[in-house]
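Note sheet for the following structure.
What follows draws every value from the coordinates through simple rules; no lab data is involved. Everything quoted here is computed from the prediction, not taken from an experiment. Neighbour counts run over all protein chains shown; Cβ positions are idealised from the backbone, glycine included.
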Amino acid sequence: MEKYKLTQWETETNINFNNKDAEAKVYTCNKALIRKIDKLCENYQEIVCVEHDEYSKTYTMPKSYIKIRTPIRLSDEKRQAMSQRAKDNIHNLLRGKKG
């Protein structure tokens, strides 16, 4: 039998917490987010996968790990400087130098 593929509409993420509990629950069907949180699980014992199926995973973690922030806005000059610095670092790595 062919595996069902979730639509973009069905690929959701829910973050749930309340003021009383210290833990947040994160349910996601987003494959990229699952990979990212699974990697965090390896390094942080406070992040635990509590349930999973072939489409989704549910994690618990401290509420303090949930962050909402504004995007970083860079000027064109700063973006170009960062780009050049990254290119220089890659060039130096390829030549065997440490940056």
Practice problem: Determine, for the chain, the count of lysine pairs separated by eight or more sequence positions (or lying on different chains) whose alpha-carbon distance falls under 19 Å. | Solution: 22
Quiz item: Mind listing P(r) for the range 13-65? All alpha-carbon pairs, 5 Å bins, whole percents.
Solution: 5, 21, 33, 26, 11, 4, 0
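Using helices alone, what [θ] at 222 nm do you get for the chain, with -39,500 (n - 2.57) per DSSP H run of 4 or more residues, divided over all residues and rounded to the nearest 500?
Numbers: 2 runs with 32 residues, N = 99.
-10500 deg cm²/dmol, from helical runs alone.
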Quiz item: What is the set of long-range amide H partners of Ala24 at a cut-off below 5 Å, with H atoms built 1.01 Å from backbone N?
Solution: Met61, Lys63
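Of all trypsin sites (Lys or Arg not before Pro) in the range 1-98, which ones are in loop regions per DSSP and have a Cβ with at most 11 other Cβ atoms within 10 Å? Please report the intermediate quantities before stating the final value.
Numbers: sites: Lys3, Lys5, Lys20, Lys25, Lys31, Arg35, Lys36, Lys39, Lys57, Lys63, Lys67, Arg69, Arg73, Lys78, Arg79, Arg85, Lys87, Arg95, Lys97, Lys98; in loops: Lys3, Lys5, Lys20, Lys67, Arg69, Arg73, Arg95, Lys97, Lys98.
Listed in order of number, the matching sites are Lys3, Lys5, Lys20, Lys67, Arg69, Arg73, Arg95, Lys97, Lys98.
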